[in-house]
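J.: Provided herewith is a single structure, encoded as structure tokens, for subsequent inquiry.
Nothing in this text is a laboratory measurement; each read-out follows from the coordinates by a stated rule. Since the structure is predicted, the reported quantities are computational estimates derived from the model, not experimental observations. Cβ: placed from backbone, ideal geometry, glycine included. Neighbour counts: every protein chain shown.
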Amino acid sequence: MADVTVRAPAKINLHLEVLGLRPDGYHELAMVMQSIDLADSLVLRASADAMIRLHCDNADLPTDGTNLIVKAADLLRSRVGLPELGVEITLHKRIPIGAGLAGGSSDGAAALVGLDALWGLGLGTERLHGLAAKLGSDMPFCLQGGTQLCFGRGERLEPVPQQQVAERAVLLLKHPQASVSTPWAYGRCRELRGDFYLESETDFEQRRQALRHGPLLAALAAPGPLPPLRNDLQSVVAPEVESVRSGLDLLRLGPEALAVAMSGSGPSLYALYPDLAAAEAARITLAGELDALGFASWCCRCGGSGVSLVTDGSPP
Ligand SMILES: C[C@](O)(CO)[C@H](O)COP(=O)(O)OP(=O)(O)OC[C@H]1O[C@@H](n2ccc(N)nc2=O)[C@H](O)[C@@H]1O
Ligand SMILES: Nc1ncnc2c1ncn2[C@@H]1O[C@H](COP(=O)(O)OP(=O)(O)OP(=O)(O)O)[C@@H](O)[C@H]1O
């Protein structure tokens, strides 16, 4: 079997609304998520020794059973009842770790898709969706990608057709020393909200309808500015993480952006621009301040897809 190469794109959250607390301890969410073309890549090679081996070019990332790639491979192998299946995976890491960009989730989704192909399991995306949801709330989105409304824990997806999403690009910032625990961010949100949570499914559905038919999706369909973006975790994280505050201020005061927000539970921040050239021009304008504040930065297109097999022989 020839090697299988898979791309694992990152995501940003265009809307992140915490609706309430679920009986399972997770939060009921209403989100809009968008793939971007900053991506990790995985090269998978079948092995005959029933081992799952992972190598990564970023030494900061564990390659043991805590890695979502290894977790995905283990879960898939046990689900199909073939413990003798083995694989050697090489991960080329480009997405900053623990940044709010679902890099780990996307790698896990890429492992599911790549192993389904490598091991010839023929499960397909629907069956893989259920496995992804077990591995993490963001992982189902990472499988599908594009622009999606995400409800439930984040695993209930409603695609926004690509023709209803105008071209845009992002200038993405992350401070190398900053990190945010996602469980902490949700727990802190709960503390600050007190009992101001919606409780009934009727209330949840009313908020979902408001997002489906609200100003954000209407604005996404056409070029131009967006309404102020909502991320309920941003108001929790910003007071506690200086680089989130300084990054948001810098992006707001810099060249006019279509919108500025934190992604996911942070600490990455982004500004949306009409296209890649505008994002790159903004990065050049802000280069002095970005260096002075120690930010790493990326310019990426808002992409149209999630995890994808690389079949054109392009380098991983
Ligand atoms: C912040 C986001 O990235 C926004 O896209 C996601 O909500 C988090 O997605 P994720 O990292 O895949 O989250 P998981 O790995 O499933 O959960 C990590 C932790 O985040 C909290 N969590 C996550 C999702 C959710 N709907 N409610 C939660 O309270 C829980 O404490 C959970 O133990
Ligand atoms: N392949 C992987 N790549 C990156 N992180 C991984 C991976 N496997 C496991 N992890 C662990 O998962 C944690 C969260 O990873 P991930 O990159 O998905 O979070 P994130 O970027 O904060 O995204 P989000 O907040 O949207 O979940 C990391 O801090 C890391 O410890």
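J.: Report the full-extension gain for the segment Arg22 to Glu158: residue separation times 0.36 nm, less the Cα-Cα distance, to one decimal in nm.
T.: 46.9 nm
J.: Sticking with this structure for a sec: State the extension gain, in nm to one decimal, for the chain segment bounded by Asn58 and Arg301, taking 0.36 nm per residue of separation less the distance between their alpha-carbons.
T.: 85.1 nm
J.: On a 0 to 90° scale, report how tilted helix 124-135 is relative to the longest principal axis of the chain, with both axes built from alpha carbons and the result rounded to the nearest 10.
T.: Compared with the principal axis, the helix lies near 70 degrees.
J.: Using only alpha carbon positions, build the gyration tensor of the chain, then give the equivalent ellipsoid semi-axes as the square roots of 5 times its eigenvalues, largest first, whole angstrom.
T.: 31, 23, 19
J.: Checking the cross-link filter: which lysines have an alpha carbon closer than 17 Å to that of Lys174, excluding same-chain neighbours under 8 positions apart?
T.: Within reach: Lys11, Lys93.
J.: On a 0 to 90 degree scale, rounded to 10, what angle separates helix 103-118 from the longest Cα axis of the chain?
T.: Value to nearest ten degrees: 30.
J.: Sticking with this one: Would you work out the charge dipole size for the chain about its Cα centre, treating the Cβ of every Lys and Arg as +1 and the Cβ of every Asp and Glu as -1, and quote it to the nearest 20 debye?
T.: Computed charge dipole of the chain: roughly 200 debye.
J.: If you line up the long axis of helix 182-193 against the longest principal axis of the chain, both from Cα atoms, how many degrees apart are they, to the nearest 10?
T.: The answer is roughly 40 degrees.
J.: Below 8 Å between Cα atoms, with a sequence gap of 6+, how large is the relative contact order for the chain in percent?
T.: RCO, the chain: 26 percent.
J.: Which value in nm describes the separation of the simple spin-label points at Ala50 and Glu126, placed 7 Å from the Cα toward the beta carbon?
T.: Distance between the two pseudo-spin positions: 3.3 nm.
J.: What does the C-alpha gyration tensor say about the overall shape of the range 163-301? Classify as rounded when a/c is under 1.5, otherwise prolate if a/b is larger than b/c, or oblate.
T.: Because a/c hits 1.5 or more and a/b fails to exceed b/c, the range 163-301 counts as oblate.
J.: Let me ask something additional. Which GluC sites (Glu not before Pro) from the range 208-281 combine a DSSP loop assignment with at most 13 other Cβ atoms within 10 Å?
T.: Glu256
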